[in-house]
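For reference, the structure is listed below as structure tokens.
All of the numbers you see were taken from the coordinates with simple rules; none came from a lab. All values derive from a computational prediction rather than experimental measurement. Heads up, the Cβs are rebuilt from the backbone with ideal geometry, glycines too, and the neighbour counts pull from every protein chain shown.
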Amino acid sequence: MSLKKIDVRTLVLVLLLVAAAGMRIVNVKYTVLSNFTPVGAIALFGGAYFTDKWKAYVVVLATLFFSDMVINYMYTGKFIVWYSSSSWLYLCFVLMVFMGSLIRKVNIVNVLLASLGSVLIHWLIMDLPLLYGNLYPHTLAGYGASLVAAIPFERNMLIGDAIYGAILFGGFELAKTKYTALRSRVALAA
């Protein structure tokens, strides 16, 4: 395979997402960082930068899936491929990637708004009554209580998305100014 056939931009995007997903493991050791993860930033970043949108979904979901398996192994000592709320969680990730694909111009405001949106998606879906068993009543009041109880976790997710988003988006934007191979075909044509 010649070096010309290697898509440097895609390779760098994949490596950045894998490195960010590796940071999820920090939560296992430090419970105070519970939900301080790059998952939203990973999904938004992939959605925003992959020019072939199918790659955004495949790479992001695969990265999160395999990092979930590692994290679950670290918590339980066994590989858990799928659990009861996995479908809902991956639906959240799909919606976050879609939200990232809506970012037309990467800037602080757009990335922060998308981060807020990704946290809201996670918060409203993952605290649905059918997902939390018998911890809260399966009523509107129970859902509200679940949402309130989740605020510290979602706050950490928002902070994590903002920090990791700044690193991923800011770092890649800076790198694009120095390395033309990282620019999309559309940006190079302009």
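Annotations for the structure displayed:
- With K and R counted +1 and D and E -1, the other residues having a Cβ less than 12 Å from that of PHE172 yield a net charge of +3.
- Potential lengthening between LEU113 and ALA145 on full extension [0.36 nm per residue; Cα-Cα distance subtracted]: 9.0 nm
- Restraint check, LYS53/LYS178; LYS53/LYS176; LYS53/LYS105; LYS29/LYS178; LYS29/LYS78; LYS53/LYS78, Cα-Cα greater than 26 Å: LYS29/LYS178; LYS53/LYS78
- Seen against the Cα atoms of the chain and their longest principal axis, helix 108-126 is set at about 40 degrees.
- The distance between label points at ILE25 and TYR75 comes to 1.7 nm (points 7 Å beyond Cα on the Cα→Cβ vector).
- Segment TYR83-LEU11, length gained on full extension (0.36 nm per residue, minus Cα span): 22.9 nm
- Mean residue ellipticity, 222 nm, helices only, the chain: the sum of -39500 (n - 2.57) across DSSP H runs of n ≥ 4, divided by residue count and rounded to 500, is -21000 deg cm²/dmol.
- Protection proxy ranking, peptides 15-22, 41-48, average beta carbon neighbours within 10 Å, highest first: 41-48, 15-22
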